[in-house]
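Data first, discussion second: the structure below is written as C-alpha cells.
The values are calculated or read from the model by the stated rules, or taken from the named source; none is laboratory data. Not measured: the values here are computed from a predicted model.
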Amino acid sequence: MDTDDIAPPPKAGDPTILLARQDLDPLSVAELTARIVALDAEIERTRNHMSRAVNHRASADDLFRR
C-alpha cells in the first residue's frame with residue numbers, strides 16, 4: 001500500500017520535517033536532554049489524542065450500528 005493512500009505527503013513547512021532536519025551539533029547535553037523530555041511529552045500527548053480519536057470513532061460506530 002502506498003503511503004499517499006493513507007495521508008497526503010508532508011508539506012515543505014511541516015514542523016516534523018523541520019524538527020528532523022535541525023542540526024543537533026551545536027546543542028549541549030543539557031539542551032539535548034531538554035529536547036528529549038519535550039519530545040517525549042509531545043509523543044505522549046499525541047498518543048493520548050489518537051486514543052481519544054479511536055475511542056470516539058468506536059463509540060460513533062456502535063451508536064450507528066444499533
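Taking the criterion of being hydrophobic (A, V, I, L, M, F, W, C), at pLDDT 95 or above and not in a loop (DSSP other than H, G, I, E, B), the residues of the range 6-38 that qualify are Val29, Ala30, Leu32, Ala34, Ile36, Val37, Ala38.
Ala41 - would you say it is within 12 Å of the chain's Cα centre (by Cα) and at pLDDT 90 or above? Answer is yes for this residue.
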